[in-house]
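The values are calculated or read from the model by the stated rules, or taken from the named source; none is laboratory data. Just so it is clear, the structure is predicted and the values come from calculations on it, not from any experiment. With ideal geometry, Cβ positions are generated from the backbone for all residues, glycine too; neighbour counts draw on all protein chains shown.
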């Protein structure tokens, strides 16, 4: 059984992460500063694999000839984690996010540094690189556009038991996907960034 007091504290930390500002540079600096004040690794992160499922709320920044716009989409993802020396995580993620006028599919690989802050809670920060594809509605797969996607992420992981963990975080992703859309007056639209808040359940095996 997990400690209800610890879970309550984790919920408060999760709320902070979910409403994190878009610019993460200051938070990354604080993370690096605090990393010198805590234990070197979390013992409950064994050197094994975890499978995760995640709910994603994503924020897209779009640029066109006549201006810019922002849209919000929701989706899900699955991923496979590998932990090394109780301190590092290598993650591969496949995500799908639906918007009102388009869909985004992304494959991302990332590396995180784990920083234990309590007996059963660890913060993490890392960098990511991958590929994202954008497809507008009423278009064919051949009309979809793709480009590299890269950025950083911060979050918190809560150890539940020997088989389950809970994770919340925020990812800042940059890209430059240019799509030609013949069905609207402004035909060329560029997707500049995909920032997302998420919550995940991880299964250890």
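Quick notes on this one:
- Condition met for residue 141 (touching a strand residue (DSSP E or B) at 6+ places or on another chain (Cβ under 8 Å), farther than 16 Å from residue 73 by Cβ and at pLDDT below 95): yes
Results for (1) surrounded by fewer than 12 Cβ atoms within 10 Å (Cβ to Cβ); (2) in a loop (DSSP other than H, G, I, E, B); (3) touching a helix residue (DSSP H, G or I) at 6+ places or on another chain (Cβ under 7 Å); (4) at pLDDT 95 or above, shown as yes or no for each residue.
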residue	(1), (2), (3), (4)
23	yes, yes, no, no
26	yes, no, no, no
37	yes, yes, no, no
42	no, yes, no, no
51	no, no, no, no
58	no, no, no, yes
71	no, no, no, no
75	no, no, no, yes
79	no, no, no, no
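- Qualifying residue in the stretch 100-115 (condition: closer than 14 Å to residue 202 by Cβ and modelled with pLDDT of 80 or more): yes
- Any hit, the stretch 180-188, residues being surrounded by 14 or more Cβ atoms within 10 Å (Cβ to Cβ) and outside any loop (DSSP other than H, G, I, E, B): no
- Boolean, residue 120 is buried (at least 21 other Cβ atoms within 10 Å of the Cβ), more than 20 Å from residue 70 (Cβ to Cβ) and touching a residue at least 40 places away in the same chain (Cβ under 8 Å): no
- Of all the criteria given as (1) within 21 Å of residue 194 (Cβ to Cβ); (2) in a strand (DSSP E or B); (3) without any contact (Cβ under 8 Å) to a residue 60 or more places away in the chain, the one not satisfied by residue 83 is (1).
- Residue match in the stretch 86-108 (condition: under 21 Å from residue 74 (Cβ atoms), surrounded by fewer than 21 Cβ atoms within 10 Å (Cβ to Cβ) and more than 19 Å from the chain's Cα centre (by Cα)): yes
- No other residue among 114, 129, 154 is buried (at least 22 other Cβ atoms within 10 Å of the Cβ) and either part of a strand (DSSP E or B) or under 12 Å from the mean Cα position of the chain (by Cα) (or both) apart from 114.
- As a summary of the residue check, residue 85 satisfies the conditions (1) in contact with a strand residue (DSSP E or B) (Cβ under 9 Å, 6 or more places away or on another chain); (2) farther than 27 Å from residue 178 by Cα except for the one numbered (1).
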